[in-house]
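First the structure, in the form of C-alpha cells, and then the observations on it.
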Amino acid sequence: MTEALEIRNLHVAIEDNEILKGVDLVVKQGEIHALMGPNGTGKSTLAKALLGHPDYEITAGEILFKGENIIEMDVDERARLGMFLAFQYPVAIPGVSVANFLRTAINAHRKAADPEDKGISIPDFRTLLKAKMDLLEMDHQFAGRYLNEGFSGGEKKRAEILQLATLEPAIAILDETDSGLDIDALRIVADGVNSLAGPDLGVLIITHYQRILNYIKPDFVHIMLDGRVAESGGPDLAEHLEEHGYNWLREKQSKATAG
Amino acid sequence: MSAKTVSRAKRVVRKKTAPEFAFNLEDVKAISAAMGEPEAIAKGRMKAWERYAALPMPTLKDEPWRRTDIRTLPADRVELKAVDNAAVDEGLLEPLLGEEHGSLLLLRPGHEPELRADASVEQQGVLFTDWAAAVRDHGDKLGDYMGQIVRPEDGKFAALATAMAQDGVVLYVPEGVQLEQPLHSILWAPGAGNVYFSRVLIILEAGASATFVHEVASPTDEEGEAVHVGIVEIFVGDGASLKFVELQNLGEHTWNLTHERAKVGQSANLDWIFGAVGSRLTKNFSDIDLLGEGSNARMSGFYFANGRQHLDHDTQQNHLAPHTTSDLLYKGGLIGNSRSVWQGMIYVAPGAQQTDGYQANRNLVLSKTARADSIPGLEIMADNVRCTHGATIGQLEEEPIFYLMTRGITRPEAERLVIDGFFAPIMERIPFEGVRKRFAEMIDKKLGTDST
Ligand SMILES: Nc1ncnc2c1ncn2[C@@H]1O[C@H](COP(=O)(O)OP(=O)(O)OP(=O)(O)O)[C@@H](O)[C@H]1O
Ligand SMILES: [Mg+2]
C-alpha cells in the first residue's frame with residue numbers, strides 16, 4: 001500500500017512568532033518533491049516541525065502520516081514509523097562513533113517492531129554498514145569517527161545520506177543536502193538517493209538550486225513564500241526560478257491579495 | 001487561676017567540628033603487635049598516632065575543606081570489626097581483560113587475605129602481597145618508601161591511616177622487570193558501624209613496568225554508616241612505567257577520606273586513572289611529584305554521583321624538575337542532589353624549566369538540584385613553561401537529543417548516548433573492557449534510580 005505524508009493547513013510558531021502560516025502539502029511514497037523558496041521563509045521550520053522538534057509549537061492544522069495524526073507523537077516514534085530528516089545543519093555528538101550510533105538506531109527500530117528482538121548481530125551490522133558506505137563512496141574509517149565531530153560540511157551531508165540508506169524510511173526530507181557538496185560529492189549523493197528511490201520511498205528535497213534537480217528528477221516542485229506553499233508545479237518550475245528568481249511570484253501574490 | 005504554659009524553644013546544637021575517632025595509642029600498639037611488625041615500622045605507627053592526636057579535625061575554615069563539610073562524620077560511632085558479609089560481589093572477581101586472570105589479591109577486613117597468584121609474577125622477583133606479609137618478610141626493602149611518600153604531616157587522615165591501617169597491598173617490581181599481566185586487588189568493605197583503614201604501596205624500581213588495578217568496594221548498607229580512611233603511596237623509579245587504575249565503589253553509607261601521592265623519577269611515566277562512583281562523601285587528595293628530569297604523568301578521572309553523594313577530589317601536579325609534563329583530565333556526571341568538587345593545582349618549582357602542565361575538569365550536571373564546583377589553580381615559579389587549564393560545567397542540550405531521536409532512538413537512550421559520549425575520552429584511556437563495563441553499569445543503575 002502506498003503511504004503518504006499529508007500536511008494540512010499547518011501553522012507553526014516559535015516563541016509566539018508564527019513562522020508557518022498554513023502549509024498544505026502531500027508527499028506519497030514513490031514520489032519526489034522539491035521545495036524551494038527564499039531564505040527564512042520557513043522550509044527548515046517545516047522539516048523540523050514534521051519530526052516534532054519541541055521548540056516548534058503547532059498552533060493549527062494537522063500532519064497525517066500513514067493515515068495517523070502524528071502531532072501528539074514523540075520524535076522517536078515518528079522516526080520509527082518511517083520518517084527521516086537529513087538535517088541542514090547536522091549536530092555533532094562528541095564521543096559517539098558513527099557505528100555505535102547507527103547500531104543503536106537500527107536496534108531501536110527493531111525493538112519497536114519486536115520487543116523480544118535482541119538487536120542486530122555485530123557481523124551483520126558490519127556487513128550492512130560497509131555496503132552502505134560503499135554505496136556513498138565513504139572511507140570505512142568514518143565508522144569509527146565521532147558522529148559529525150570535525151566532519152567537513154560535505155562529509156556531514158554524506159553521513160546524513162548514509163543514515164538515510166541504513167534506516168530505510170518511507171518518507172525522507174532532505175534539507176539542503178546539496179549545499180556544501182563539491183561537484184563529485186553531489187553526484188555521489190544524488191546517485192545514492194536515486195538508488196534508494198522507488199515505490200517505497202517518498203522524498204522531499206529542500207534546495208535553493210536547480211543543480212541537484214538535474215540529478216534527482218522531481219515529480220513536483222513547490223515554492224514556499226512567507227510560511228506558505230505559494231506555488232506548485234512540475235520540474236519546469238525550478239528551471240523558471242533559476243532564470244527569474246522569486247520576484248515574479250511575490251508580485252503575483254501581492255496582486256492577488258490586493259485584488 | 002489560669003493555666004500557664006511554658007514553652008521552650010528546642011535548641012539545636014550544631015557541632016562545630018567532627019568528633020574524634022575513639023582509638024588510643026594502646027590500640028595502635030596492639031595492631032602493630034598483632035601484625036608482627038618490625039620495630040621501625042611499629043615506631044612509625046606510634047609517631048603517626050601522635051601526629052593524628054595533635055592535628056585538629058579539619059573544618060570548613062581550612063582551605064582544602066571549604067566545600068566539604070565533615071561535621072557529621074560518624075567517627076565516634078564506628079569501630080574496627082571483622083566484616084560479616086564475607087561473600088564478595090561476583091562481578092568484582094571477573095577477569096579485567098579477556099578470559100585470563102592475572103594475580104588477584106582480595107582483602108576483607110578481619111579475614112585472612114586471599115591471594116590468587118599468577119606464578120610468573122613471583123618468578124620474576126615481583127612482590128605482590130598483603131600488608132602484613134610484606135612488612136613481616138620484606139620490611140627492610142620497603143622501609144625507604146613506606147610512610148615516606150604520604151606522610152603523617154600531610155593531614156589528619158593521612159596520619160590516622162598510617163597509624164591504624166591493617167588492610168593493605170604492596171606491589172614491588174624489581175629493576176628492569178616488565179610485568180605483562182595486570183595485577184588486581186580488591187578491598188571489600190561491607191557493613192554498617194565499621195571503620196576501615198587501608199594502605200597501598202607501589203614501588204617500581206628503575207626501568208620496571210607494570211599495570212595494576214585497585215578497587216575499594218562495598219554494597220550500600222541501609223542500617224547505618226561506615227568510614228574508610230586510606231593512603232596510597234606510589235614510587236615510579238627512573239625510566240619505569242606504571243599504569244595504575246583505581247576504582248572507588250563504596251556503598252552510599254560510607255565516608256571515604258584518602259591521601260594519595262606518586263613520586264615520579266627521571267624519564268619515568270605514570271598513567272594514573274581513577275573512577276569514583278560510590279561513597280556518601282569522599283575527600284581525596286591525589287598529588288603527583290614529578291621529581292626526575294623528563295618525567296611524565298597523566299591523571300584521568302571519572303566520577304558519577306547521584307542522591308546526596310558528595311565527591312571532592314583535590315589534585316596537585318608538582319613539577320619539581322625541568323622537562324616534565326603532566327596532563328590531567330577529570331570528567332564527572334551528577335544527578336539527584338549530588339555535588340562534586342574538583343580543586344586542582346599545578347605547581348612549577350623554581351628552575352623546573354621547559355615543563356608542560358595541563359589540567360581540565362568537565363562536568364555534566366543532569367539535574368537542577370545537583371551542583372559541580374571546579375577550582376583550577378596555577379602557581380608558577382619558573383619562567384619558561386607552558387601551563388594551561390580549563391573547566392566547564394554543562395547540561396544536556398536539547399539539539400543533540402532531538403537529532404538522535406529523529407533516528408528512532410528513545411529519549412532515555414539518546415540521553416545515555418550523549419552521556420557515554422561525554423565520558424568517552426576518559427574511557428578510551430582505560431585498557432580494561434571489564435572496568436569500562438562496570439562503570440557503564442553503574443551509570444545505568446544511577447540513571448535508573450534518580451530522575452534527572
Ligand atoms: N529557534 C528559533 N527561534 C527564533 N526564530 C527562529 C528559530 N528557528 C527559526 N526561526 C526563524 O524562523 C524563520 C524561518 O526559518 P527557517 O530556518 O525555517 O528558514 P528556511 O526557509 O529554512 O531558510 P534557509 O533557506 O535560509 O535555510 C526565520 O526567520 C528564522 O529566523
Ligand atoms: Mg533552512
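The values are calculated or read from the model by the stated rules, or taken from the named source; none is laboratory data. Note that this is a predicted model, so its numbers are computed, not measured. So basically every Cβ, Gly included, is an ideal-geometry build from the backbone, and we count neighbours across all protein chains shown.
Applying the selection to region A:89-116, what residues are more than 16 Å from ligand 1 (Cβ to nearest atom) and among the aromatic types (Phe, Trp, Tyr)? Within region A:89-116, A:Phe101 is the sole residue that qualifies. Of all residues in region B:54-76, which are surrounded by fewer than 16 Cβ atoms within 10 Å (Cβ to Cβ), assigned to a helix (DSSP H, G or I) and in contact (Cβ under 8 Å) with a residue 24 or more places away in the chain? B:Pro64, B:Asp76, listed by residue number. Within region B:168-181, the residues that satisfy the criterion of being surrounded by fewer than 24 Cβ atoms within 10 Å (Cβ to Cβ) and either under 21 Å from the mean Cα position of the chain (by Cα) or more than 15 Å from B:His138 (Cβ to Cβ) (or both) are B:Tyr172, B:Glu175, B:Gly176, B:Val177, B:Gln178, B:Leu179, B:Glu180, B:Gln181. In the set (1) within 14 Å of chain B (Cβ to nearest Cβ); (2) touching a residue at least 24 places away in the same chain (Cβ under 8 Å), A:Arg110 fails one condition alone, (2).
For region A:7-37, filtering for residues that are near ligand 1 (Cβ under 7 Å from one of its atoms), part of a loop (DSSP other than H, G, I, E, B) and touching a Phe, Trp or Tyr at 6+ places or on another chain (Cβ under 8 Å) leaves 1. Taking the numbered list (1) within 8 Å of another protein chain (Cβ to nearest Cβ); (2) surrounded by 22 or more Cβ atoms within 10 Å (Cβ to Cβ); (3) within 16 Å of ligand 1 (Cβ to nearest atom) in turn, A:Ala86 passes all entries but (1). Hey, any hits in region A:233-248 for a residue that's within 16 Å of ligand 2 (Cβ to nearest atom) and at pLDDT below 95? Looking for residues that are within 16 Å of ligand 2 (Cβ to nearest atom) and at pLDDT below 95, one finds at least one in region A:233-248, hence yes. Within region A:148-171, track down each residue that is within 14 Å of chain B (Cβ to nearest Cβ), touching a Leu at 6+ places or on another chain (Cβ under 9 Å) and more than 16 Å from ligand 2 (Cβ to nearest atom). Correct list: A:Ala159, A:Ile161, A:Leu162, A:Gln163, A:Leu164, A:Ala165, A:Thr166, A:Leu167, A:Glu168, A:Pro169, A:Ala170, A:Ile171.
Where helices (runs of 4 or more DSSP H) fall wholly inside region B:353-452, the ranges with 1 or more residues that are within 11 Å of chain A (Cβ to nearest Cβ) are B:398-405, B:411-427. When region A:39-70 is limited to residues that are touching a strand residue (DSSP E or B) at 6+ places or on another chain (Cβ under 7 Å) and among the basic types (Lys, Arg), the one that is nearest to ligand 1 (Cβ to nearest atom) turns out to be A:Lys43.
Taken together, the residues in region A:178-206 that are within 16 Å of ligand 1 (Cβ to nearest atom), modelled with pLDDT under 95 and among the β-branched types (Val, Ile, Thr) amount to 0. Considering region A:33-83, and only residues there that are over 29 Å from A:Pro235 (Cβ atoms) and within 16 Å of ligand 2 (Cβ to nearest atom), the residue that is nearest to the other protein chains (Cβ to nearest Cβ) turns out to be A:His53. Just one residue in the set A:Gly82, A:Gly67, A:Gly37, A:Gly42 is on the phi > 0 side of the Ramachandran plot and touching a Pro at 6+ places or on another chain (Cβ under 7 Å); that residue is A:Gly82.
A quick yes/no check of all residues on (1) among the polar types (S, T, N, Q); (2) more than 23 Å from B:Arg67 (Cβ to Cβ):
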position: B:Ser241; (1), (2): yes, yes
position: B:Phe244; (1), (2): no, yes
position: B:His253; (1), (2): no, no
position: B:Thr258; (1), (2): yes, no
position: B:Phe274; (1), (2): no, no
position: B:Leu281; (1), (2): no, no
position: B:Leu290; (1), (2): no, yes
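When region A:89-129 is filtered for residues that are in contact with a Lys or Arg (Cβ under 7 Å, 6 or more places away or on another chain) and surrounded by fewer than 16 Cβ atoms within 10 Å (Cβ to Cβ), the ones remaining, listed by number, are A:Asp117, A:Gly119.
A single entry from A:Ala60, A:Ala92 fulfils the requirement of being aliphatic (A, V, I, L, M), part of a strand (DSSP E or B) and at pLDDT 95 or above: A:Ala60. Within the set A:Ala230, A:Ala190, the sole residue that is away from ligand 2 (no atom under 16 Å from the Cβ), among the hydrophobic types (A, V, I, L, M, F, W, C) and either within 15 Å of A:Ser179 (Cβ to Cβ) or assigned to a loop (DSSP other than H, G, I, E, B) (or both) turns out to be A:Ala190. Here A:Gln210 meets the list (1) buried (at least 17 other Cβ atoms within 10 Å of the Cβ); (2) within 14 Å of ligand 1 (Cβ to nearest atom); (3) of a type outside the set (A, V, I, L, M, F, W, C); (4) more than 30 Å from A:Glu77 (Cα to Cα) almost entirely, failing just condition (2).
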